[in-house]
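Just dropping this structure here.
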Amino acid sequence: MSGTYLGMPAFPAFPEAARGAVHNPTLRGNLRHATHTIRDKRARAVAELDDWAALREAGKQIKDHTLRHLDRYLVQMEEAVTAAGGTVHWAADAEEANRIVADLVKATGESEVVKVKSMATQEIGLNEALEAEGVRAYETDLAELIVQLGKDRPSHILVPAIHRNRGEIRDIFRSEMGEWGRPAPEGLTDTPAELAEAARLHLREKFLRARVGVSGANFMVAETGTLVVVESEGNGRMCLTLPETLISVVGIEKIVPRWQDLEVFLQTLPRSSTAERMNPYTSMWTGTTDEDGPRVFHLVLLDNGRTDTLADEVGRQALRCIRCSACLNVCPVYERAGGHAYGSVYPGPIGAILSPQLRGTGSEVDASLPYASSLCGACYEVCPVAIDIPEVLVHLRERVVQGGPAVRQGNRVVLKPAKGHAAERAAMRAAQWAFTHPGTLRTGQRLASRTRRLHPRTLPGPGRAWSDARDLPEVPVEPFRDWWQRTHGGKDGAK
């Protein structure tokens with residue numbers, strides 16, 4: 001694994017991790033119900049807009065333009081934030097970002113922080129880093145709270161506790177809330193209203209007591225230095241307005257050039273994520289003011305493998321991602337395996353292309369993620385910024401099998417092929433040789449047709465993993481070349 005750390009313990013390869021998930025009927029039931037519900041609602045919300053295709057293309061163009069000129073817009077962002085009274089910090093990796101945030105919190109003399117839901121802080125393992133420094137971080141998003149109280153890990157970008165049902169959540173609240181603050185009410189049931197009220201009462205005392213808030217951001221606007229957080233509950237707004245100090249950790253790819261650009265994403269993001277026409281809460285702040293909100297604002301701009309990803313002409317499109325999670329909700333692999341099998345805070349199709357680029361493909365789990373897909377293309381069809389995830393998956397599979405040039409930690413390197421793919425490389429080389437020698441290919445096709453009755457129904461050795469779940473295609477009685485020659489391309493009326 002590279003020096004980029006995503007705040008996760010060591011994980012097995014995706015096939016091994018997924019094997020247990022697909023045999024868990026409760027997990028699969030939870031995932032099936034939730035993903036089908038969300039994607040059906042999304043489809044209806046998107047269908048309301050006649051110009052959805054144009055919005056999708058506009059989002060893609062804005063993101064691509066920004067990535068091409070990222071250096072200029074980041075400097076502009078720093079200047080605008082500084083002029084508005086904020087302080088900007090640059091973090092090359094997770095370790096540096098965690099150190100910056102921990103030092104800023106300790107400088108306030110506080111030992112607690114409240115947090116807005118943030119993928120970037122999960123990515124770098126900020127909660128664990130703060131705990132090691134004697135600072136306790138409290139998640140305030142309802143789903144993140146469930147995950148934290150349950151000593152669990154997120155399994156979905158938008159709905160981190162999607163793998164939990166209401167009964168499980170009730171039990172977690174009953175047993176764990178008291179250790180983190182206000183205990184759950186007596187006689188708590190699993191009705192949504194009661195669960196939400198228990199969370200509200202538990203969190204309210206933390207909001208009123210906290211002096212330091214930590215957030216991420218969905219977008220940053222370079223021309224004004226404005227940060228934007230979209231959410232559905234209002235907990236984020238409490239964290240963004242009540243504390244005296246606000247620290248925002250944001251990936252450098254979240255920037256957009258102009259305020260006007262938000263018009264596109266504030267239409268596509270809510271419809272793609274929560275199937276809403278607009279976000280219930282859209283919070284925006286620019287620096288600090290004496291009359292409102294935090295008195296001190298720090299922005300930590302996080303790289304952590306993003307510039308390495310930017311150097312890949314095919315893979316860089318993953319940096320367009322606006323974290324809507326639409327690709328997860330239509331993915332047949334995610335629906336059956338769940339988010340934990342991906343070994344990353346970024347699960348599903350987008351995680352299968354983003355994590356191996358941020359972290360590299362040196363570990364067993366990262367080398368397996370590009371294969372965690374059927375390449376059905378549903379993820380590309382629903383992506384609001386038109387990330388061609390199947391294209392990147394194939395690109396990364398080639399990198400895993402063949403190795404080749406890449407950029408890691410800012411340096412150009414030549415990657416070695418991953419272990420365990422020698423047979424695949426040999427097969428591809430053999431196929432390449434055969435396709436460049438027509439005579440050999442023709443002889444092989446005829447031999448395969450004439451021995452078709454002797455062909456096994458399953459593949460031997462490593463190939464069994466493929467044929468155990470699929471039927472081998474039947475070899476035709478006659479090769480296409482022979483049929484073409486015999487019928488003159490079908491002109492003789494042959495069927």
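Quickly run through the stretch 108-141 and pick out the residues that are of a type outside the set (S, T, N, Q), surrounded by fewer than 22 Cβ atoms within 10 Å (Cβ to Cβ) and either touching a His at 6+ places or on another chain (Cβ under 8 Å) or not in a helix (DSSP H, G or I) (or both).
GLY109, GLU110, GLU112, GLY125, GLU133, GLY134, VAL135, ARG136, ALA137
Filter the stretch 281-307 for residues that are of a type in the set (D, E, K, R), touching a residue at least 12 places away in the same chain (Cβ under 8 Å) and over 20 Å from THR121 (Cβ atoms); which is least open to solvent (accessible area, probe 1.4 Å)?
ASP292
Yes/no per residue for (1) among the basic types (Lys, Arg); (2) at pLDDT below 95; (3) within 23 Å of the chain's Cα centre (by Cα); (4) not in a helix (DSSP H, G or I):
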| position | (1), (2), (3), (4) |
| --- | --- |
| ALA45 | no, no, yes, no |
| LEU55 | no, no, yes, no |
| ARG72 | yes, no, no, no |
| GLU78 | no, no, no, no |
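Based on this model, can you work out whether VAL230 counts as in contact (Cβ under 8 Å) with a residue 24 or more places away in the chain, in contact with a strand residue (DSSP E or B) (Cβ under 9 Å, 6 or more places away or on another chain), assigned to a strand (DSSP E or B) and open to solvent by less than 10 Å² (accessible area, probe 1.4 Å)?
No; evaluated as a whole, the condition is false for this residue.
Got a sec? Which of ASP64, ASP103 is open to solvent by 40 Å² or more (accessible area, probe 1.4 Å) and either out of contact with any helix residue (DSSP H, G or I) (no Cβ under 8 Å at 6 or more places or on another chain) or more than 17 Å from SER248 (Cβ to Cβ) (or both)?
Of the residues listed, the single one that is open to solvent by 40 Å² or more (accessible area, probe 1.4 Å) and either out of contact with any helix residue (DSSP H, G or I) (no Cβ under 8 Å at 6 or more places or on another chain) or more than 17 Å from SER248 (Cβ to Cβ) (or both) is ASP103.
Being in contact with a helix residue (DSSP H, G or I) (Cβ under 7 Å, 6 or more places away or on another chain), touching a residue at least 60 places away in the same chain (Cβ under 8 Å) and either open to solvent by 10 Å² or more (accessible area, probe 1.4 Å) or not in a loop (DSSP other than H, G, I, E, B) (or both), is that true of even one residue in the stretch 192-209?
Yes, there is a match, as at least one residue in the stretch 192-209 is in contact with a helix residue (DSSP H, G or I) (Cβ under 7 Å, 6 or more places away or on another chain), touching a residue at least 60 places away in the same chain (Cβ under 8 Å) and either open to solvent by 10 Å² or more (accessible area, probe 1.4 Å) or not in a loop (DSSP other than H, G, I, E, B) (or both).
While we're here: Restricting attention to the stretch 341-348, does a residue exist that is touching a residue at least 12 places away in the same chain (Cβ under 8 Å), in contact with a Cys (Cβ under 8 Å, 6 or more places away or on another chain) and either over 25 Å from ALA94 (Cα atoms) or not β-branched (Val, Ile, Thr) (or both)?
Within the stretch 341-348, one or more residues are touching a residue at least 12 places away in the same chain (Cβ under 8 Å), in contact with a Cys (Cβ under 8 Å, 6 or more places away or on another chain) and either over 25 Å from ALA94 (Cα atoms) or not β-branched (Val, Ile, Thr) (or both).
To continue, here is another question. Hey, any hits in the stretch 249-272 for a residue that's open to solvent by less than 20 Å² (accessible area, probe 1.4 Å) and more than 27 Å from the chain's Cα centre (by Cα)?
no
Could you look through the stretch 30-55, keep only residues that are in contact (Cβ under 8 Å) with a residue 24 or more places away in the chain and exposed (fewer than 12 other Cβ atoms within 10 Å of the Cβ), and pick out the one that is nearest to ALA161 (Cα to Cα)?
ARG44
Please list, ordered by residue number, the helices (runs of 4 or more DSSP H) wholly in the stretch 372-471 having 1 or more residues that are loosely packed, with under 13 Cβ neighbours inside 10 Å.
378-382, 422-435, 438-450, 464-467
The values are calculated or read from the model by the stated rules, or taken from the named source; none is laboratory data. Everything numeric here is computed off the predicted structure, so don't read it as measured data. No Cβ is skipped: glycine too gets one built from the backbone with ideal geometry, and neighbour counts run over all protein chains shown. Surface accessibility is based on the protein's heavy atoms, side chains included, excluding ligands, DNA and RNA. Shrake-Rupley method; radii C 1.70, N 1.55, O 1.52, S 1.80 Å.
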